[in-house]
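Working notes for the structure below.
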Amino acid sequence: METQIVSRSHGWLELAKKYIEAGEVVAFHTETVYGLGANALSDEAVLKIFELKGRPADNPLIVHVHREYDISPLIDSEPSYAAALRRAFLPGPLTMVYPSTGKVSKHVSCGLNTLAIRVPSSPTAQEFLKAVDLPIAAPSANLSKHVSPVSARHVYEDFSGKIPLILDGGACSGGIESTVLDCTGEVPQILREGLVTREMISSVAGECVIYHAQKGEKPKSPGMAYKHYSPRCKTAFFNEDRLDEAVSLYNEAEKKGETPCFLCESDVCALLHGFRTLDLGGTGEVMAQRLYDLLRKGEKTATLLIGVEPKEKGGVMAGVLNRMRRAFGVEHGTEES
Ligand code: TXA
Ligand code: MG
């Protein structure tokens, strides 16, 4: 199968609609990361996503819809805080988990009685969802465990020859996946941190807690058991106060004929003058935007990628740090694929 990458041009949406209606999988741009989409109403189409990604069968998918209005037929009930959050943050990088009406394929939620829904804001995603006029199940468009894609080229690297079409909307402005928020309880609970932060949710809902699976407990987000976002090279991770050790590791690796490279924030890159570095930038928003692109660059150019934990911790950085720790294998027991 030939994989076509198309950006806005005559007939591009008709092409996407044709493939989706035929039960094919189409990759598309969103404001967070690229998605690998298929008709959420069709068992076969949804199963194709799992097969293409090599995704574990117990890790549920997010359904993408065009407008907030399209959410209500798919969900059973909605607490008042969730309605307020919807109005405040949709369309945008917030996925909300609700009790499901069971209208979409049972494979979307992998047997759970809840459904994760999102209304993406990117113009490409919006036009695509409007044109197909179907709920679209879509995980991030990367092979399971690999780094999520933030350009059409990244999707092509993982799925060339396997899917017919990639809707190219350029680089993803957000850069890390949506915040996943459980809206089935009395208080909203963040299952995966992202660009809509705990502070932002609390300011609308009054409260917001961050879910941590207890040892031995089956995580609420079933994918939480999987390692993720990993570059395909050796990795190491250090706190900034252990920069000496990081430099020793770099030097030792170089002596052995390896190609080490640092991935760190701008201030630290400046201290590492003369070493190979990939610069994450200085703010949470910029680090979110650059992280996956740099992890993919790192795996192509280095044999050992040495991450240095950024100093900043609040706001969007909570999501960035979560992804960095997963990518560098510091924390296991994480989400998705
Ligand atoms: O930004 C995003 O969310 C991107 C774009 C393409 O929309 N999608 C994405 O999908 O990151 P994925 O499949 O890589 O991650 C979905 C996450 C997983 O952690 C999964 O376990 C969780 O959402 N999830 C899906 N349905 C759920 C449900 N019913 N209950 C709890 N967690 C759920
Ligand atoms: Mg993913």
Within segment 153-167, can you find the residues that are out of contact with any His (no Cβ under 7 Å at 6 or more places or on another chain) and away from ligand 1 (no atom under 11 Å from the Cβ)?
R153, H154, Y156, E157, F159, S160, G161, K162, I163, P164, L165, I166
So which pairs qualify, if the first residue must be in segment 311-329 and under 16 Å from M200 (Cβ atoms), the second must be of a type in the set (G, A, S) and assigned to a loop (DSSP other than H, G, I, E, B), the Cβ gap must be under 6 Å, and the two must be at least 6 apart or on different chains?
G319/G194
Residue list for segment 156-208, filter: more than 16 Å from ligand 2 (Cβ to nearest atom), over 21 Å from P99 (Cα atoms) and among the small types (G, A, S)
S160, G161, G169, G170, A171, S173, S202, S203, G206
For segment 270-282, name all the residues that are open to solvent by less than 70 Å² (accessible area, probe 1.4 Å) and assigned to a loop (DSSP other than H, G, I, E, B).
L272, F275, L280, G281, G282
Hits in segment 2-47 (condition: more than 24 Å from P93 (Cα to Cα), among the charged types (D, E, K, R) and either open to solvent by 70 Å² or more (accessible area, probe 1.4 Å) or not assigned by TED's automatic domain parsing to the domain that holds F89 (or both))
E2, E14, K18, E21, E44
Answer with yes or no whether E24 is charged (D, E, K, R) and under 19 Å from D133 (Cβ atoms).
yes
With the structure loaded, tell me whether G92 is in contact with a Ser or Thr (Cβ under 7 Å, 6 or more places away or on another chain) and closer than 20 Å to V155 by Cα or whether it fails that test.
no
When segment 112-150 is checked residue by residue, the ones that are more than 10 Å from ligand 1 (Cβ to nearest atom), part of a loop (DSSP other than H, G, I, E, B), open to solvent by 30 Å² or more (accessible area, probe 1.4 Å) and not hydrophobic (A, V, I, L, M, F, W, C) are S121, D133, K145
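The values are calculated or read from the model by the stated rules, or taken from the named source; none is laboratory data. Please read these numbers as outputs of a predicted model, since none were measured by experiment. Heads up, the Cβs are rebuilt from the backbone with ideal geometry, glycines too, and the neighbour counts pull from every protein chain shown. Quick note on the areas: whole protein, heavy atoms, side chains included, nothing else; ligands and nucleic acids left out. Shrake-Rupley method; radii C 1.70, N 1.55, O 1.52, S 1.80 Å.
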